[in-house]
Amino acid sequence: MKLLHVLLIFSILILKSLTQKTIKLDGLILDTTPSRNNDFQIPASSGLVKGLVQNNLGSDNTPVLVTVPTSTIHSYDSFNSWFHSKSGVNLPINYQIVLTQSTTNPDVFTYTNDNFFPIDGKGYDNKTLYPNEEIYRDKTGTAHNFHFCLQIHSAFTYKKGDVFNFKGDDDVWVFMNKKLVVDLGGIHTQASASINLDLLGFSEGINYPFDFFYCERHTTESHISIESSLELTCPVYDECGVCEGDGSTCCTKTNCNNNPSNVLNCITAQCSNNVCVKSEPSCPTNLACVDGVCNPGVGCIYSKRNCTRSNCEESTCNRQTNACQHKAIANCVSCPSQGCITTDFCNPLGCGPDGKCLATAKKCDDGDYCTRDYCDAGTCYHTPIPKCVNCASIGCITKDDCLPQVCSVDGKSCVTATACNDSKSCTDDTCDQGHCTFVPIDCDDKDACTIDTCSETGGCVHTPLDDCVACTGLACITTDYCLEKVCSDSGTKCIEIPKDCDDGNACTIDTCVSPIGSCRHTTIENCTDCGAFNCITLDDCQPLVCPTDGSTTCVGTLKSCDDNKGCTFNLCHSPDGTCSSAPIDDCLTCSQPGIGCFTNDYCHPVVCSDSGDSCITTDRDCNDYDYCTIDFCLNGECINENIVNCVNCTNGIGCTTTDFCNQVICSESGDSCVDVPLNCSDGLKCTIGSCISPEGICTQTTIENCIECENEACITTDLCYPVGCGLDGNCFNNFTNFLCDDHDYCTSDLCTGYGCEHYSYTGCENCTDGGCFTFSDICNHYGCNFTGDGKCMFTRLECDDHDPCTKDYCTYLGGCDYVPIKDCVTPSETPTESPTHSPHPVTTISIQECNCCPEDEYCLLVGGHERCFKPSATGDGFVEETIGCPLTTTTTTTTGGTGGVVGHYTESATGNSHLCDRHHCKSGTECHIINGIPECVPSNYRCYDCLDLHCEKMGKTCFMVENQNYKPNIKGCNDDSCCKYTPSCR
C-alpha cells in the first residue's frame, strides 16, 4: 500500500507538471563588449540609481535618457546602442523567456534564474568568429558572456488583482501603458520591485502595452526573477518573428547577405539561427600577401602588401603564412635616404644634416676632475686618481699627507694646508706621517667647588658652584634649602640638616617649601586650638569643641535647626551646616504649637485630637448601600465593584448566580437566596435534555434506535429484533428475526446486532439459476452458461503437448508451461508436436488465500470466513463444504500499542490487503483500517474508515483522506467536523 501511495503521489505530480501552463516571451538581445561600449564593465559600480530614464517611453518604444554623463553612462550615443542595433558595436540575438504557471497559485507565472547567461558562446562570445575577444569570468572562475541588453515588447489585458514582481541586476526598467513602473537603474547587486496594478488607474478588460528592458553590464553575477499574474501576449510580430519588431534582426534579403549596402560598406552579413549577424567593416581576402582597404560607399580595394617599415630592416611577405617578416639590421640607424651601420663604436654613425651618414666621437667625459676618461671599443672607462680633490674647475692631488693639497677659495687652483690644525684652542695638535693627533689641554684647579672647562676663546674657565661648601677633597652642594648640606667628620663627609618651620599653633600645618626653603603655615579649616592638640570639625551639623575636663578628647555637639512648626520638616545639611525647612505633604497643623498630623494612607486618614495636642487615626467609609457591590478603599479611593449575576434583595442581602444551570434568586421574604434549576426538557420521549454548566446551555441527546409511542419511548437494542409501538401505545418487542435477504445469489445475508449486512462471495457470478463460483485461476473457469439456461458451466484449459518428457502446467495467468523432465528420452517412433501455447490476456492474482482445506478442494474467503469448496459430481458447479475452516482469529498490535482482535487481511481476487473479518470484533464494534492497521472500533465508522466491501463493489479501494472541515476540541459535535480523516473510495 505504501508503494501504491507513492506511485499515486508521483503520478499526480507528473500530471500536474504536464498540465502547467506557460507564457512565452519573445525578446531581442543586443550583445556588446566593454571595448565597443565603455558603459559596460566600468571599474566602480554605481549602485542602484533611480531617475536615469524619463517616465514616458520613447517614440521608438525604447527608454529615453534623462541626462549625461552619469557615473556609468558616458554619452547619449553609448546609451542609444543599448537597445538599438548598431554595426560594429553590438550583435542582435533572438531569445525567448518561458514563464511557468505556479503550482501553488495558478494565477501566477514565474521565471527565476540566478545564473542568467542566455548568450554564452554566442555573439562576440563565439570563439570561432571572434577568437581574440577578452574573457570575463564569474566569482567561481567560469567564463560567461556578461555584457548584453535584453528587451521584450508585449501586451496584457488588465484584470483586478494583477501584480508584477521583479528581482535581479543590473539595469531594469519596466513600462506599462508607456509609463515607467519599475525603475532599477545602475550597476548594482540584486534589487527588487513589486507593482500592484490596481493602483495604476487601469480599466478592467482593456489591453495595455508591456515593455521590459534588462541589461547585464558587469561581472561577477547575473540574476533575474519575474513573478506576474499578467497573461502577456504579443499584439503583432514582424517578418522576423519578433514581437513588435521592425524586421531588422532576421536573415532576409533586405538586411542580410543580398543587401547591396552591406557590400558597398565592406560589411559581411551571415545568417545564424535565422538572425542576421553583421561584422564590423572589413575587407578580408584569400590571396596571399594581398591586402584589402575599405572605401565606404565604394567597397573593398585590394593591392600587393607592402611590408617595408624602416631602412634598418630586411622586410618580406611570407606567402606560406600570409604575414610580413622583418629582420633588423644590427647597429643600424635609419636615415631618410639610407641606413648607417656603425663598425667603430667609439665613433658611431648617425644621420647628418643632409640625411646622410655622419661619424661622431663618443663622449666619455664624466665631469669628474679626479678621473682619467677614455673610450675603448665603444665603451667609456673612468679611472679614479688617488688622493685627488675635485674643485670647481681643477683636481688637486696630494703627495705629502702632512701638507695636503686643497681647493682655493674660488675653486680654480690648489693651495697647501696644515694637515693637523683643527683650529681649536683647547687641543694640542701634532702630525706624524700624515696621521693627526688632537689631545685636550688640562684645566683642573684642584678646587672641589668649581667646574673646570676650556673655552675656545678664553682658554681654561673655573666656574664656582652655588651653595657649595668645599670640604677635604669633597664638595657639599645644597640643592634643597629645606635640607642644608654641611661638612662632617673632619670634612670627609656631607650631612643634611632639616629646616625647622614650627610656629607653635596646633591649628596650622607647618611645612618647608622645597627647594627654596621658605616656611609655609596652612590653617586647618573648622579647627579649634586646644593647646597641645586640636579639634577639627568635619561636619558643621555636628561641631567639635575642646573638652572642659582636662582630657585630650574632643567633644561633639549637634546644631539645632528646629523652626517650631508642626507641619514642616527641618534639616541640617552636612557638611556645611546650613538649615532648611520644607512643608510636609498631607500634614494637618493642630492648635498646639509644633503639633502636626501626617497622613500617608487616605484609606486611614490621621487628624488632630479635639484638644489639638495629639493625632488620631480614622477609617474612610466607602459603603454605597448596594448589596450587589463589593465596597473597599484602595490607595485612598473608594472602590465599589459590581458582583456579576447578582440580584439585590429587600432585606440587606444579594443573591449571586455562578452556575446558570441552577440560578440563584431572592426568596419571597427577601431575607434569603434560593436555587432554581434550569428546565432543559423538550417534551419528547426519545431525547434526553441536559444543561451544560456553568453557561446554562440546554442540549438534547437523541436516544439511538428510539421510537416515541403514545405512552412511552421504545428503544431497540438489537437491530435483528426491533422494538415498535403496540396498539395500546406501549412498546412491542418483535422477536422474529429481521429479514435481510437481498435476493443476490452472490452475497451472504446476515443480520447482526447493528442491522443487515451483505457480504459478497469472492469469485461468484450471478446466474439466473443461482450463484456460480470460480477462481482467479482461469485455467479452471466457472461462469454462466452462454446457452442462457442460467446454470454454471465449467471450462478447463488443456495444456498437454503430447510430449512424455515434459511436465505440463496451466499457469494462473492463463498460459501453458512445459517443464522438461531430466534424463528423459523421447521414443523415436513417437512423432513430436510443437507445444501449443494458449495466450489469455486476463491478469489475476495468484496468491494462496488460505491453506486449511483438503488437497482436492479450494479455499475462499466468504464474508470474511475461510470456506472450502470442491467440484460437484456432475461438474456443473461447486458445492459449499459446510464444515470449512475453523473460525480462528489473530491478535495484531495496533499503531497505538493497545492491541485489537482482527481477522485475515486478504480476500480472493481483490488484491486488497486491508480487509479484516468484521465478525471477529466484539459487540458494539466493527473492524476498520486505521492508518493501514485493521482495528475493532466503535460502530460509528464514519470517522474511521469506509467499508472495504462497499468500495470493492465499485472496483475501488478505500483510502483515508484529511477532512477539510475538521474542528479539533469541539465537544458534542455530530457531523463531519468530528472526523479528522474521512473515508474515500478511489
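Residues that are within 27 Å of Ala448 (Cβ to Cβ), touching a strand residue (DSSP E or B) at 6+ places or on another chain (Cβ under 9 Å) and part of a strand (DSSP E or B) are absent from region 522-530. Filter region 280-309 down to the residues that are in a loop (DSSP other than H, G, I, E, B) and touching a residue at least 24 places away in the same chain (Cβ under 8 Å) and list them by number. If the condition is that a residue be in a loop (DSSP other than H, G, I, E, B) and touching a residue at least 24 places away in the same chain (Cβ under 8 Å), then Glu280, Pro281, Ala288, Cys289, Pro296, Gly297, Val298 are the ones that fit.
With respect to the conditions (1) in the same structural domain as Ser337 (by TED's automatic domain parsing); (2) exposed (fewer than 14 other Cβ atoms within 10 Å of the Cβ), Thr463 falls short on a single one, namely (1). Out of curiosity, is Asp162 crowded, with 18+ Cβ neighbours inside 10 Å and in contact with a helix residue (DSSP H, G or I) (Cβ under 7 Å, 6 or more places away or on another chain)? Yes; evaluated as a whole, the condition is true for this residue. Of the candidates Lys122, Lys178, Lys139, the single residue that is touching a residue at least 60 places away in the same chain (Cβ under 8 Å) and at positive phi is Lys178. When Cys431, Cys476, Cys420, Cys494 are checked against the criterion of being over 60 Å from the mean Cα position of the chain (by Cα), in a strand (DSSP E or B) and in the same structural domain as Gly395 (by TED's automatic domain parsing), Cys431 stands alone in meeting it.
Among the criteria (1) surrounded by 15 or more Cβ atoms within 10 Å (Cβ to Cβ); (2) more than 44 Å from the chain's Cα centre (by Cα), the one Asn257 does not fulfil is (1). The set of residues in region 269-279 being touching a Ser or Thr at 6+ places or on another chain (Cβ under 8 Å), surrounded by 15 or more Cβ atoms within 10 Å (Cβ to Cβ) and in a strand (DSSP E or B) consists of Ala269, Val275, Cys276, Lys278. Number of residues in region 119-147 that are charged (D, E, K, R) and more than 37 Å from the chain's Cα centre (by Cα) equals 2.
When Tyr809, Tyr745 are screened for being farther than 30 Å from Cys709 by Cβ, at pLDDT 70 or above and in a strand (DSSP E or B), only Tyr809 passes.
Among the residues making up region 399-423, those that are farther than 20 Å from Cys370 by Cα and loosely packed, with under 13 Cβ neighbours inside 10 Å are Asn421, Asp422, Ser423.
Cβ-Cβ contacts under 8 Å between residues 6 or more apart (or on different chains), taken from a first residue in region 558-579 that is of a type in the set (Phe, Trp, Tyr) to a second residue that is surrounded by fewer than 16 Cβ atoms within 10 Å (Cβ to Cβ) and not in a loop (DSSP other than H, G, I, E, B), are listed as Phe569/Ser581; Phe569/Ala582; Phe569/Pro583. Checking each residue in region 21-38 for being surrounded by fewer than 22 Cβ atoms within 10 Å (Cβ to Cβ) and either outside any strand (DSSP E or B) or of a type in the set (Val, Ile, Thr) (or both) picks out Lys21, Thr22, Ile23, Pro34, Ser35, Arg36, Asn38. Just one of (1) polar (S, T, N, Q); (2) at pLDDT 85 or above; (3) within 60 Å of the chain's Cα centre (by Cα) fails for Ser580. It is (3). Residues in region 139-159 that are out of contact with any strand residue (DSSP E or B) (no Cβ under 6 Å at 6 or more places or on another chain), surrounded by 14 or more Cβ atoms within 10 Å (Cβ to Cβ) and closer than 13 Å to Thr219 by Cα: His144, Asn145, His147.
So, in region 570-611, how many residues would count as being assigned to a strand (DSSP E or B) and loosely packed, with under 15 Cβ neighbours inside 10 Å?
Count: 11.
Evaluate region 198-221: report whether one residue or more is at pLDDT 85 or above and among the basic types (Lys, Arg). Yes. From the list Asp466, Asp428, the lone residue that is of a type in the set (Asp, Glu) and under 30 Å from Ser514 (Cβ atoms) is Asp466. The residue that is nearest to the chain's Cα centre (by Cα), among those in region 627-656 that are among the aliphatic types (A, V, I, L, M) and part of a loop (DSSP other than H, G, I, E, B), is Val644.
The values are calculated or read from the model by the stated rules, or taken from the named source; none is laboratory data. On a predicted model such as this, the values are computed, not experimentally measured, just so you know. Reconstructed Cβ throughout: ideal geometry from the backbone, glycine too, with neighbour counts over all protein chains shown.
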